[in-house]
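The values are calculated or read from the model by the stated rules, or taken from the named source; none is laboratory data. Just so it is clear, the structure is predicted and the values come from calculations on it, not from any experiment. Neighbour counts are summed over all protein chains in view; Cβ atoms, including those assigned to glycine, are modelled from backbone coordinates with ideal geometry.
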Amino acid sequence: MAPDEPAGAPRPCGICAMIDRIRAGNFPDLVAELPRSWLILGDAQFYRGYCVLFAKRHVTELHLMPRGEAHELLDELLAAGRAIANVVNPLKLNYECLGNQEPHVHWHVFPRAVADALRLQPIWVRPENERKVSLEDSERRALIAGLRIEVRRLLPAAHWPAA
Ligand SMILES: [Zn+2]
């Protein structure tokens, strides 16, 4: 918090800011818009296929969301997980719903690979500089295209802007 900011002032939300960019069509790593969420491909791709699912509603805790809406959101998370698994065939998926830094309900979905020497550890044990693997743009596009096919197969309401 900035020193001149009054105590209790709401912090700007980084995820709401990203959602604004998605809505403006200015977010190339969008995988799909779902009824209750947005699915994006994460930047750091050491865990190939790593995606983030943002709740559309700004809420700091899952239990503060209307129950029916939370259940719909969880159905979308299930579809996203299955789509990621179908595309990258991981040993295991790790789901993390933290929100300590950005208090807006979202999940990190990390595919874990057999070849990962740290596969028994939480993903954060690996140093950040090792996690920050950038894929070639063509490889990111191919990954997003594959994820879209699977997400829409599982959840026909999934959509995205035309290229
Ligand atoms: Zn937010």
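Got at least one residue in segment 136-154 being under 17 Å from Gln45 (Cα atoms), among the aliphatic types (A, V, I, L, M), at pLDDT 95 or above and more than 17 Å from the chain's Cα centre (by Cα)? Among the residues of segment 136-154, at least one is under 17 Å from Gln45 (Cα atoms), among the aliphatic types (A, V, I, L, M), at pLDDT 95 or above and more than 17 Å from the chain's Cα centre (by Cα), which makes the answer yes.
Starting from residues that are farther than 18 Å from Arg141 by Cβ, in a loop (DSSP other than H, G, I, E, B) and among the hydroxyl-bearing types (Ser, Thr, Tyr), keep the ones in segment 26-68 and report whichever is nearest to the chain's Cα centre (by Cα). Only one residue tops the list, namely Tyr47. Just to be sure before I move on: is Asn100 assigned to a loop (DSSP other than H, G, I, E, B), more than 17 Å from Leu41 (Cβ to Cβ) and free of Cβ contacts under 8 Å to residues at least 12 places away in the same chain in the structure I sent? Taking the combined requirement at face value, the residue satisfies it.
Of the residues Ala70, Ala2, Ala7, the single one that is at pLDDT below 95 and more than 29 Å from Lys132 (Cβ to Cβ) is Ala7.
If you check Pro127, Pro90, Pro122 for being in contact with a strand residue (DSSP E or B) (Cβ under 6 Å, 6 or more places away or on another chain) and not hydrophobic (A, V, I, L, M, F, W, C), only one passes: Pro90. Taking the numbered list (1) out of contact with any Asp or Glu (no Cβ under 6 Å at 6 or more places or on another chain); (2) away from the ligand (no atom under 14 Å from the Cβ) in turn, Ala83 passes all entries but (1).
Considering segment 39-63, and only residues there that are touching a Pro at 6+ places or on another chain (Cβ under 8 Å) and within 12 Å of His108 (Cα to Cα), the residue that is nearest to the ligand (Cβ to nearest atom) turns out to be Tyr50.
One line per residue, one yes/no per condition, for (1) more than 21 Å from Leu73 (Cα to Cα); (2) modelled with pLDDT of 95 or more; (3) surrounded by 15 or more Cβ atoms within 10 Å (Cβ to Cβ):
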position	(1), (2), (3)
Asp20	no, yes, no
Asn26	yes, no, no
Asp29	no, yes, yes
Ala32	no, yes, yes
Ser37	no, yes, yes
Gly42	no, yes, yes
Tyr47	yes, yes, yes
Cys51	no, yes, yes
His58	no, yes, no
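For Leu77, the conditions (1) under 15 Å from the mean Cα position of the chain (by Cα); (2) at pLDDT below 95; (3) not acidic (Asp, Glu) are fulfilled apart from (2). Taken residue by residue, segment 92-101 has at least one member that is more than 27 Å from Ile19 (Cβ to Cβ), surrounded by 12 or more Cβ atoms within 10 Å (Cβ to Cβ) and of a type outside the set (Ser, Thr, Tyr).
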